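Each remark here refers to the structure printed beneath this line.
The values are calculated or read from the model by the stated rules, or taken from the named source; none is laboratory data. A quick note: this is a predicted structure, and the numbers were derived from the prediction, not measured. Neighbour counts are summed over all protein chains in view; Cβ atoms, including those assigned to glycine, are modelled from backbone coordinates with ideal geometry. Ligands, DNA and RNA are excluded from the accessible area calculation, which covers all protein heavy atoms including side chains. Shrake-Rupley method; radii C 1.70, N 1.55, O 1.52, S 1.80 Å.
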Amino acid sequence: VGSVLDGGAVSVIYGALDTGLDLSSAQYWTQDSTGIQDTAENNDQFGWSLAAGDFDHDLVDDLAIGAHKEGVPGASQAGAVHVIYGIDGIGLASTGNAQFDQFAFGDSPETGESFGWALAVGRFDGDAYDDLAIGTPAER
């Protein structure tokens, strides 16, 4: 991403009824994209993991993006997860996007824990709504 090494990026190509994937409406997302929380830094690895689901229950899929080497206050390479919400008829939009790290769960991130290394979507609590599981393989 520009002069940032291993900052990461995600490309999204939308499908079209008659033509399949349509590059004319493709999007390219980085942490420097307008409206995305935070900024791209060396080694963030934004896009390392991806998971799609309808997290805001509007019948349009959203995209969770892992940046497992993102630094957070007090801990380098602790990791973060971004969620970019889909809007019907538009696609993904940075409006209202979210960023999570271990602080959101009452945990204290430590250097190198890699929160966001892996992502999975499911209905873990048995209701009708998609849930997001976030892997942190080096949790201490």
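Filtering the range 1-25 down to residues that are surrounded by 13 or more Cβ atoms within 10 Å (Cβ to Cβ) and in a loop (DSSP other than H, G, I, E, B), which residue is farthest from the chain's Cα centre (by Cα)?
My answer is Val4.
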Fill in the blank from the handout: Note on the range 26-36: residues open to solvent by less than 80 Å² (accessible area, probe 1.4 Å) and touching a residue at least 24 places away in the same chain (Cβ under 8 Å) are Gln27, Trp29, Thr30, Gln31, Ser33, Gly35, Ile36
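For the range 26-41, how many residues are out of contact with any Gly (no Cβ under 7 Å at 6 or more places or on another chain) and assigned to a loop (DSSP other than H, G, I, E, B)? Full working, then the answer.
In the first step, residues of the range 26-41 are kept if they are out of contact with any Gly (no Cβ under 7 Å at 6 or more places or on another chain); the result is 26, 28-29, 32-39.
Then keep just the ones that are assigned to a loop (DSSP other than H, G, I, E, B); that gives 32-39.
Residues meeting the conditions: 8.
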Exercise for the section: Quick one: count up the residues across the range 70-101 that are touching a helix residue (DSSP H, G or I) at 6+ places or on another chain (Cβ under 8 Å) and under 14 Å from Gly35 (Cα atoms). Expected result: 0
Practice task
Pairs only if they're at least six apart or on different chains, beta carbon under 6 angstrom, first in the range 66-88 and of a type in the set (D, E, K, R), second modelled with pLDDT of 95 or more and surrounded by fewer than 21 Cβ atoms within 10 Å (Cβ to Cβ); list them, first residue then second.
Solution key: Asp88/Val60
Exercise for the section: Within the range 82-97, identify whether any single residue is aliphatic (A, V, I, L, M) and more than 17 Å from Val12 (Cβ to Cβ), and answer yes or no. Expected result: no
Problem - Residue in the range 39-49 that is in contact (Cβ under 8 Å) with a residue 24 or more places away in the chain, open to solvent by less than 20 Å² (accessible area, probe 1.4 Å) and in contact with an Asp or Glu (Cβ under 6 Å, 6 or more places away or on another chain) present - result: yes
